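These notes concern the structure reproduced below.
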Amino acid sequence: MAEESHDSSWREALMASRLADAWHTIVPAPDDPAGPLPPLLVALTVVTGLVDAFSYLTLGHVFTANVTGNIVFLGFALAGAPGFSVAASLTAYASFAAGSVLGGRLAVVFSGHRQRLLSVAASAQVVLVAGATAVSASSGRNIAGADRYVLILLLATAMGVQNAVARKLAVADLTTTVLTLTTTGIFADSRLVGGPGSKAGRRLTSIAAMFAGAIAGAVFVEHGHKTLALATALVLLAIVALLAGLWSRHQPLRFSAPA
């Protein structure tokens, strides 16, 4: 009986810890070294889900945010698998690389101020995604030809910027794009295997954010409202740009702060 009570208490404490970790990701504590960045990066993770849902479901088998997928798709295309395009995969990869260069340059220019970097980068994404939204809205039901490649270029460039800046900001477990290591950390760092603790609350929040974006994007596309996926991403990016800019004036974060 005592053993069952101990197990129950342990599970309750573990759940409480995870919920607290998730809550502090959405509503950071005043002494959080990352300041207000975590909820903004969670919003960008939702953007990733929206954009990749749109690109995969409307532009053919191509991702504009998850580069790993495009490398795999390129291999499929070169092997002659149906439904995959060498040109589309290469366009996405090259555009993402160009966006990463732009994001890297912004990180150098705004190397002393983390929130300002995020604000400027998100503003650049707003311009790119706004262009993609306009192209999508004017392209009709099926996207093909030049419109397809313009959309790949604009969206992959925007996501390259985001990935480079998130990497520079280096907020733990909030990469906004890649969830493979996040998922690995949940299990590999668990105390059950003798690890330091998985921080599952924050990591699961990141996974849930991309999952929510992917579901929303797929619902929009599958029900004939494909442009709404990009419009929603555009609104989230504008909010991130605005809030990061406002917070940069009142609570500036230097890169010397631990991430």
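The values are calculated or read from the model by the stated rules, or taken from the named source; none is laboratory data. This one's a predicted model, so the numbers in the text were calculated from it and none came from an experiment. Cβ placement follows ideal geometry from the backbone for every residue including glycine, while neighbour counts extend to all protein chains displayed.
Values for this structure:
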| item | result |
| --- | --- |
| Residue 84 being assigned to a helix (DSSP H, G or I), in contact with a His (Cβ under 6 Å, 6 or more places away or on another chain) and surrounded by 14 or more Cβ atoms within 10 Å (Cβ to Cβ) | no |
| Any hit, the stretch 144-158, residues being of a type outside the set (Val, Ile, Thr), closer than 19 Å to residue 232 by Cβ and not in a helix (DSSP H, G or I) | no |
| Which numbered condition residue 123 fails, given (1) farther than 17 Å from residue 40 by Cα; (2) in a helix (DSSP H, G or I); (3) hydroxyl-bearing (Ser, Thr, Tyr) | (1) |
| Test: residue in the stretch 130-143 that is in contact (Cβ under 8 Å) with a residue 40 or more places away in the chain, of a type in the set (A, V, I, L, M) and either farther than 17 Å from residue 57 by Cα or not in a helix (DSSP H, G or I) (or both) | yes |
| Residues located in the stretch 63-81, provided they are surrounded by 14 or more Cβ atoms within 10 Å (Cβ to Cβ) and either farther than 26 Å from residue 217 by Cα or in contact with an Asp or Glu (Cβ under 7 Å, 6 or more places away or on another chain) (or both) | 63, 64, 65, 66 |
| Unmet criterion (only one of (1) modelled with pLDDT of 95 or more; (2) crowded, with 22+ Cβ neighbours inside 10 Å; (3) under 21 Å from residue 114 (Cα atoms)) for residue 239 | (2) |
| Residue satisfying all of: in the stretch 87-120; of a type in the set (Phe, Trp, Tyr) and assigned to a helix (DSSP H, G or I); surrounded by the fewest Cβ atoms within 10 Å (Cβ to Cβ) among these | 93 |
| Pick from the stretch 131-142, criterion surrounded by fewer than 18 Cβ atoms within 10 Å (Cβ to Cβ) and either closer than 24 Å to residue 177 by Cα or not hydroxyl-bearing (Ser, Thr, Tyr) (or both), ranking: modelled with the highest pLDDT | 134 |
| Qualifying residue in the stretch 84-91 (condition: touching a residue at least 60 places away in the same chain (Cβ under 8 Å) and of a type in the set (A, V, I, L, M)) | yes |
| All positions within the stretch 33-66 that are in a helix (DSSP H, G or I), free of Cβ contacts under 8 Å to residues at least 40 places away in the same chain and in contact with a helix residue (DSSP H, G or I) (Cβ under 6 Å, 6 or more places away or on another chain) | 39 |
| Qualifying residues in the stretch 42-62 (those that are surrounded by 24 or more Cβ atoms within 10 Å (Cβ to Cβ) and among the hydroxyl-bearing types (Ser, Thr, Tyr)) - the one nearest to residue 173 (Cα to Cα) | 45 |
